[in-house]
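First the structure, in the form of structure tokens, and then the observations on it.
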Amino acid sequence: MDKNQGMVPVKTPLDAKTETLLRQVKAKVELEGKGTKNSAAVSFGKLLSCATGWEKFKLVLGWVFAVVTGCVLPVFFFLLGPIFDSFGQGKTAEETREAVEKLCLIMLLFAIGIMFSSILQNYLLLSTQASVAARLRTNYLRAVLNQESAWYDQTNFLELPSRLNQEVDMIQSGIGQKFGSILYAVSMSVSGLICGFYKGWLLAFAILGIAPILLIGMGIFAAIMEKNTVIVMKAYGQSAGYAEQALAAIRIVVSCGTETLEVSNFNQYLERVRTTSIKQGVSVGLSLGFFFFCIYLCYAYAFFIGSIFVDKEIWNGAEGRPYLAGDCIAVFFGVLIGLFSLGGAGPAITSVNMAKAAGKTAFDVMDRKPTILQDDPSAAKHALQG
């Protein structure tokens, strides 16, 4: 009779580790398969699910003040045109002074209003997003601690603290200040274009002819900045990863006497970082120079077209008279602000999209129901024995 017959096989520690590893790989594959089917981001309303009714009201009020603040700035240039027209035109010094004083008083009232509006905007958005983020951190941590042990086999628990802080910080920025910046930029753009077309629609259309050049300059500058930032961060990440690897095995490094070799290899990574940073500086400088070239080209084109409108006494149907110098100033700055404001909304839109993407992973954890509920109130109570 075989001695091994009827014996129960005993799992060695190596077999147990292999089984755990296979279970983790299987869970990762299932997790990635689910991730391809589901959306990569949550809706903006989902990000506000942890906010109370009062906090949502404060956020909406802050967004309203952001719209008001954005709409007021182009009005300053709308009033700047009549100030230019107040000088000359056969008016006496006293009449000019009275006209300028009246316009300056109106601009002062607008300045006071925009000051209070911007203060309330930032206070409401920043304070509310901080309170929502604090509650979100608590819910996130509670959800992580309530998961069963099998969930930790599927997740790298060492990165959970950094993930928690990073994802909540992204959500905090996206639901408050960054979304307010989008509304601020869009309202400023719409207000600027409305003021420009109201003051002189024919000149506004003529100035818009150079808008593609300005948008191309802005697009090239933004694309080069984004590309170079990623390259430099990757280069720094490689050097930091090598240093972390050497420090993690510092005992082996010291025992083998390879300190000089490790420093030499680290310097090679730093040389790559230096070369990449130099290339970044050159490309950013060239793109920034081209961007400013586009801006001053727009200035030259707009004032040249405006001088032709004034010299030829082209009729301004909006004002019922020929174009004046003040009309050219108001139309030019109104259209220019309208174009520039849309470009300023790009980084804020990126932040909101990042917040929605971070909310996907965060709310997946918070909405997940663990298979073993540690604090289940419906569970039967039992006495501890042993």
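The values are calculated or read from the model by the stated rules, or taken from the named source; none is laboratory data. None of the values given here were measured: they were computed from a predicted structure. Counting neighbours? That spans all protein chains shown, and the Cβs are built from the backbone with ideal geometry, glycine included.
Here are some notes:
- Of the residues making up segment 267-324, those that are of a type in the set (G, A, S) and touching a Phe, Trp or Tyr at 6+ places or on another chain (Cβ under 8 Å) are S287, A302, G306, G317, A318.
- Taking first residues from segment 99-113 that are among the basic types (K, R) and partners that are assigned to a helix (DSSP H, G or I) and surrounded by fewer than 13 Cβ atoms within 10 Å (Cβ to Cβ), no Cβ contact under 6 Å between residues at least 6 apart in sequence or on separate chains turns up.
- Pick from segment 308-343, criterion outside any loop (DSSP other than H, G, I, E, B), without any contact (Cβ under 8 Å) to a residue 12 or more places away in the chain and not hydrophobic (A, V, I, L, M, F, W, C), ranking: nearest to L214 (Cα to Cα): D311
- In the set (1) surrounded by fewer than 17 Cβ atoms within 10 Å (Cβ to Cβ); (2) touching a helix residue (DSSP H, G or I) at 6+ places or on another chain (Cβ under 8 Å); (3) under 22 Å from A185 (Cβ atoms), V100 fails one condition alone, (3).
- Applying the criterion of at least 1 residues that are touching a Pro at 6+ places or on another chain (Cβ under 7 Å) and over 30 Å from E55 (Cα atoms) to the helices (runs of 4 or more DSSP H) found wholly in segment 173-290 leaves 179-199.
- Of all residues in segment 153-172 being more than 17 Å from L48 (Cα to Cα) and of a type in the set (D, E, K, R), the one that is nearest to the chain's Cα centre (by Cα): R163
- Of everything in segment 287-298 that is surrounded by 13 or more Cβ atoms within 10 Å (Cβ to Cβ) and either in contact with a Gly (Cβ under 7 Å, 6 or more places away or on another chain) or without any contact (Cβ under 8 Å) to a residue 24 or more places away in the chain (or both), the residue that is farthest from L214 (Cα to Cα) is F290.
- All of (1) charged (D, E, K, R); (2) farther than 21 Å from N353 by Cα; (3) assigned by TED's automatic domain parsing to the domain that holds A133 hold for E271 with one exception: (3).
- Selection within segment 304-362 - of a type in the set (K, R) and farther than 30 Å from Q154 by Cβ: K312, R321
- Sole residue being assigned by TED's automatic domain parsing to the domain that holds I305, at pLDDT 75 or above and surrounded by 13 or more Cβ atoms within 10 Å (Cβ to Cβ), chosen from I250, I175, I224, I194: I224
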